[in-house]
1. Would you mind stating whether B:A71 is within 14 Å of chain A (Cβ to nearest Cβ), farther than 22 Å from B:A132 by Cβ and part of a helix (DSSP H, G or I)?
2. Would you confirm whether or not the range A:5-17 contains a residue that is of a type in the set (D, E) and either in a strand (DSSP E or B) or surrounded by fewer than 19 Cβ atoms within 10 Å (Cβ to Cβ) (or both)?
3. Give the range A:1-31 a look and list any residue that's free of Cβ contacts under 8 Å to residues at least 40 places away in the same chain and basic (K, R), or say none.
4. What number of residues within the range B:59-68 satisfy the criterion of being buried (at least 22 other Cβ atoms within 10 Å of the Cβ), more than 7 Å from every other protein chain (Cβ to nearest Cβ) and not aliphatic (A, V, I, L, M)?
5. Inspect all residues belonging to the range B:31-43 and state whether any of them is small (G, A, S), away from chain A (no Cβ under 14 Å) and either surrounded by 19 or more Cβ atoms within 10 Å (Cβ to Cβ) or closer than 30 Å to A:D45 by Cα (or both).
6. Any residue in the range A:25-32 that is more than 9 Å from the chain's Cα centre (by Cα), surrounded by 14 or more Cβ atoms within 10 Å (Cβ to Cβ), at positive phi and not in a strand (DSSP E or B)?
7. I'm trying to understand the selection: among the residues of the range B:71-119, which are among the basic types (K, R), touching a helix residue (DSSP H, G or I) at 6+ places or on another chain (Cβ under 8 Å) and loosely packed, with under 13 Cβ neighbours inside 10 Å?
Amino acid sequence: MENQDRLRLLAETLVVAVASVKDEVRVTTRERGDELVLHVQVAADDMGRVIGKKGRVASALRTVLRAAAGDEGDVNIEIDDK
Amino acid sequence: MTTSPHANQRANDVLSLLEDVLPLMGVDARVVVSTEADGSLLADISSSDLSALIGGRGRTLNALQCIANVAANSGNDGDWVRVVIDAEGYRERRRESLERCALKAAAQAVEENRELELEPMNAFERRIVHCALADLPDIASDSRGEEPYRYVVIAPTASKE
């Protein structure tokens, strides 16, 4: 539980840094089997920035979150606009 | 050299981003951000847990660097600033290892008179390989494939004729 909070806050910190409309960033968590899913919502204008060319930024976010989760289970992110 | 207040602001932003993010990653670290001669920002991280921070082949460090670059340039104000994240000399060690690997592959390509494909690398690392081979008269290097699997091909120039 504590770990979920930490990863949620990490995702939120990273996405707020990347987004231009910072107060529209929301990150919620849910469990899907053994996997923790971080659901990221950003302003429509920020979708391109947060996903990046060829998904490069989204993939970097996933890499950092997985490194942070270590062997405490799998983490994935989903990115949506509002 | 003068640094604009603008650049200082961005250096502070990169510093506070990393100081927020690294503890949340479970990495105990100290960060120093400086402005390089070419205007790019260098964030140098020291940590007792380097391998977790860097990841295999620099994967985690490169991911952090990618995010820090977008973050430092998210303000839409035109001038792009490059952010390099390093950890206790990792970038230099990686550069030396890529150069060694490039020269070894070049020698093998000439010896066996055939093309050799290196493993996929990001643009920064491919550039190091191309530069390492640029002065060799009997070798040509090129990049092929699509990101993120784009890779360097090393070929002996004599075989093309």
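1. Yes, satisfied.
2. yes
3. A:R8, A:K22, A:R26, A:R30, listed by residue number.
4. 0
5. Yes: one or more hits.
6. Scanning the range A:25-32 turns up no residue that is more than 9 Å from the chain's Cα centre (by Cα), surrounded by 14 or more Cβ atoms within 10 Å (Cβ to Cβ), at positive phi and not in a strand (DSSP E or B).
7. Within the range B:71-119, just B:R114 meets the criteria.
Every number in this text was worked out from the coordinates using simple rules, so none of it is lab data. The model shown is predicted, which means the values in this text are computed figures rather than measured ones. Note: ideal-geometry Cβ built from the backbone for every residue, glycine included; neighbour counts use all protein chains shown.
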